[in-house]
Amino acid sequence: MTIDELRARAAERQQTCSQIKKMIVSRLDLEIDPDWITDDQPLFGRGLELDSLDVLELYVAIEAEFGVALYDSEMAVFGSVSRLAEEVNPALRA
């Protein structure tokens, strides 16, 4: 992979993560700035403290916005913004 390809991939990852952060804040009506969410911050537990209802809302939002259907076996993708970005944008997978 060339340096230009790496830069393009990094820019695409940043854009996808930013889009997901904005979607999380908007869809879940969180009173925080999307920029406060880090890419690797846990979405559950000590992270954003989301719950199972939030997962359902995000599931619907991801399907609508990215056209990606997630299945029960893939629920681990809700671990962080970065993990979600890799799932909704296959070009970001290593």
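General observations
Condition check ((1) within 24 Å of Ala10 (Cα to Cα); (2) surrounded by 14 or more Cβ atoms within 10 Å (Cβ to Cβ)) across all residues:
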position	(1), (2)
Leu28	no, yes
Asp33	yes, no
Asp54	no, yes
Val81	yes, yes
Glu87	yes, yes
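- Any chance Ile37 is buried (at least 16 other Cβ atoms within 10 Å of the Cβ), within 23 Å of Tyr59 (Cβ to Cβ) and either out of contact with any Ser or Thr (no Cβ under 8 Å at 6 or more places or on another chain) or at pLDDT below 95 (or both): yes
- Residue list for region 2-39, filter: of a type in the set (A, V, I, L, M), free of Cβ contacts under 8 Å to residues at least 12 places away in the same chain and part of a helix (DSSP H, G or I): Ile3, Leu6, Ala8, Ala10, Ala11
- Selection of region 40-52 for residues being exposed (fewer than 14 other Cβ atoms within 10 Å of the Cβ) and either of a type in the set (Lys, Arg) or free of Cβ contacts under 8 Å to residues at least 40 places away in the same chain (or both) yields Gly45, Arg46, Glu49, Asp51, Ser52.
- Filter result (among the polar types (S, T, N, Q) and either over 16 Å from Ser18 (Cβ atoms) or modelled with pLDDT of 90 or more (or both)) within region 44-94: Ser52, Ser73, Ser80, Ser82
- Scope region 16-38; condition of a type in the set (D, E, K, R), within 19 Å of Ser52 (Cβ to Cβ) and in contact with a helix residue (DSSP H, G or I) (Cβ under 7 Å, 6 or more places away or on another chain); matching residues: Arg27
The values are calculated or read from the model by the stated rules, or taken from the named source; none is laboratory data. These figures come from a predicted structure and were not determined experimentally. All Cβ positions, glycine included, derive from the backbone under ideal geometry; neighbour counts span all protein chains shown.
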